[in-house]
Amino acid sequence: MRRSLLLLSLLSSVVHGQVPQGGAPHHWGQRDRGNDVPAFAPNGPLEEARHAEPTGLAFRYGTQRWLQADLVTEGLWDSLPGGLLRGRLRLSSPGAAMLAVQFERFDLPDGALLFVIDAARTQYLGGFGEANELPDGTFATALLPGDAVVLELQVPAERRADCAIVVGSVTHAFHDPFSSTAAGTPKDYDPGYQSAACHTNVACPAASDWQTVKRATAMFLRPDGNGCSGTLVNNTANNGTPYFLLANHCYQANTSGWVFYFNYESTGCTGSSGSTSQTITGCTLKASDYYDDFALVQLSSAPPASYQPYYAGWDRTGATPTRSVTIEHPLNDVKKIAFDDQAPTSYSSNGTNFWRMYWDSGIVQSGSSGSPLYDQNKRLVGHVVSGAQTCTNAATTPSGAVKLTSSFEGTAASNRLRDWLDPANSTTVLNGYDPGAAPAQPVRVKLKVMLEGAYVTSNGLMRGTLRSNGQVPLTEPYTALGFDVVNGSGGEATSSAVLAVSGTASVVDWVRVELRNKANSGVLVAVRHALLLRNGTVVDVDGTSDVAFPVAADNYYIAVRHRNHLGAMLATPQALSTTATLKDLTLSATALYGGTSATKSVNGVRCLYAGDANASGHVKYSGSDNDRDPILQKVGGLVPTNTVNGYHKEDLNLDGVVRYTGTSNDRDLILNNIGGTVPSSVLVELMP
């Protein structure tokens with residue numbers, strides 16, 4: 001049984017999280033004594049929650065301390081040039097290595113800016129203004145070094161009464177998660193602990209192939225002193241909605257105080273410090289599940305272009321990866337990467353399916369919870385939830401990741417991913433989305449294919465009866481028949497004008513063209529539903545263009561399928577680019593996967609085998625799951641001489657009529673293709 005958390009309301013897309021709005025504190029770069037600024041500190045005792053050693057995949061870098069301070073009514077005010085007023089107050093938590101501030105009220109008029117300054121005046125955050133307000137009226141800041149900060153509000157004098165800045169708490173960090181390593185000490189020192197030396201920075205050569213995908217991983221810190229890793233994840237609209245996937249055990253309902261750190265990484269392979277300036281504050285829960293240990297949140301705003309965000313693609317087919325990779329922030333350290341060069345194994349617990357990995361390079365530690373698990377195609381297949389290691393036990397202590405296939409399914413939108421990442425529930429493989437990438441020119445495919453059922457030997461063309469009868473649908477039929485759709489495919493539609501064209505270049509039917517991974521022909525990369533013309537040409541939905549795919553130029557296996565014929569695939573990966581070259585599957589010289597048995601020779605023309613009335617990938621005349629019975633059932637099941645007109649998958653010869661017996665019946669195509677004499681024979685599609 002699934003258990004879900006409360007589904008919160010959608011955050012506005014116009015807020016800007018913690019992205020500063022410009023400006024600087026008054027007299028920045030100069031000495032500012034500020035000794036008379038009112039000071040506030042928590043009253044209660046400091047909760048000690050340090051660990052001598054981090055345990056599991058979650059730990060605390062600090063604790064939340066409560067205090068009340070109203071900057072507008074309790075701050076020190078003075079005048080600035082240009083008709084501005086300045087209000088200031090000081091917050092402290094003695095002994096803290098760093099402080100973050102949470103505001104229970106944050107409401108500023110146009111022209112007002114708030115700055116948060118470390119007591120040593122070496123760093124500041126902001127200015128934050130009206131554009132940073134969250135819908136619930138709160139706000140929170142990232143961490144600043146030291147045990148005290150000064151709040152400075154600059155506001156037009158006539159708008160002071162319109163300001164509301166009320167502090168509710170501070171986060172007291174026991175250690176500085178972002179401290180640099182002192183000279184001569186081991187690398188990767190992180191909040192008070194020695195982050196394992198066997199970690200691999202994402203700047204190392206081993207990660208050279210992951211420099212785009214790494215930008216999907218971010219670290220978030222909660223106001224209560226905890227933090228984890230997570231992933232920006234793409235959705236089928238490819239529109240940059242800032243969905244962020246994390247482990248449910250990292251979730252708390254204090255999301256308005258979460259701060260997400262992007263691109264916190266070292267610029268070198270052995271470095272241990274990085275910029276923490278790219279942050280977003282706040283998010284909203286969209287879906288979660290206790291047993292699947294996932295939560296999907298939507299950030300309060302999309303990361304701006306300057307953050308170079310990347311939205312991870314995913315694969316929910318359940319296919320076992322040949323290798324696994326995770327990108328993480330262990331111990332809130334700079335971004336790391338770990339590799340398992342073997343295929344993960346599968347296991348289940350409480351109805352949830354998991355991947356099990358043994359890392360060959362790198363490990364996971366506290367703070368890695370929620371980090372993405374990628375397959376060899378750089379697509380998300382799960383998220384890490386268990387199995388922290390040390391450098392000495394990595395070979396014997398596995399990590400566990402919940403399979404994306406488990407997280408996608410549930411009983412409602414509040415406890416599954418599909419409603420958010422794939423609302424149509426029709427896509428199994430989706431590429432990542434890089435909003436900063438130059439628009440890719442589609443690769444194009446030019447094919448010639450003949451269907452046995454429609455092929456007319458007397459003229460070397462296929463019959464166009466379905467089109468002339470007005471039976472070819474405007475929208476592709478394959479999605480409704482249950483064929484997989486990937487990379488935004490599905491729902492391709494043509495126009496009445498295209499279907500009105502007659503002659504040798506008129507439409508016969510819809511076909512399905514697939515591009516498959518060059519290293520694994522069983523993995524779909526992209527699909528396009530296209531139109532097949534009487535002369536065998538396969539064209540895009542405009543009726544004339546070569547078929548376009550939204551993928552990068554590369555080598556791909558090309559396969560073509562029809563809804564009631566067996567498909568065929570070229571034997572080797574083909575180099576595809578923006579300019580297409582003809583791949584003619586009707587020629588015996590064209591090498592196909594499975595050889596000449598993949599298609600049928602009709603008067604010397606290679607044709608796709610007819611007879612797959614139930615889209616099972618085989619042609620059967622008798623026995624279970626056979627193709628003959630669907631034809632009989634379509635005509636009524638009792639009177640075999642009945643016929644049914646229309647666009648039906650049981651119409652194997654594509655003449656617009658389903659016939660079980662008599663002239664031009666569809667049943668004989670099945671019997672002929674299995675040999676004609678042994679009805680128990682089976683003709684199998686030669687496709688991986």
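Every number in this text was worked out from the coordinates using simple rules, so none of it is lab data. None of the values given here were measured: they were computed from a predicted structure. As a convention, Cβ positions derive from the backbone with ideal geometry for all residues, glycine included, and neighbour counts pool all protein chains shown.
Write out the cysteines belonging to the chain for which the nearest other cysteine Cβ is not under 4.7 Å, or none if no such cysteine exists.
163, 283, 607
Quick one: of 446/518; 336/518; 600/634; 446/620; 448/620, which pairs are farther than 24 Å apart, Cα to Cα?
336/518; 600/634; 446/620; 448/620, as the Cα separations exceed 24 Å there.
Over the chain, what relative contact order in percent results from Cα pairs under 8 Å that are six or more residues apart? Don't skip to the answer; put the middle values down first.
Working: 1870 pairs, mean separation 69.5, N = 688.
The value is 10 percent.
Return the calculated 222 nm mean residue ellipticity for the chain, to the nearest 500 deg cm²/dmol, obtained by summing -39500 (n - 2.57) across DSSP H runs with n ≥ 4 and dividing by the residue count.
-1000 deg cm²/dmol
Tell me which lysines have Cα within less than 16 Å of residue 403's Cα, excluding those fewer than 8 residues away on the same chain?
378
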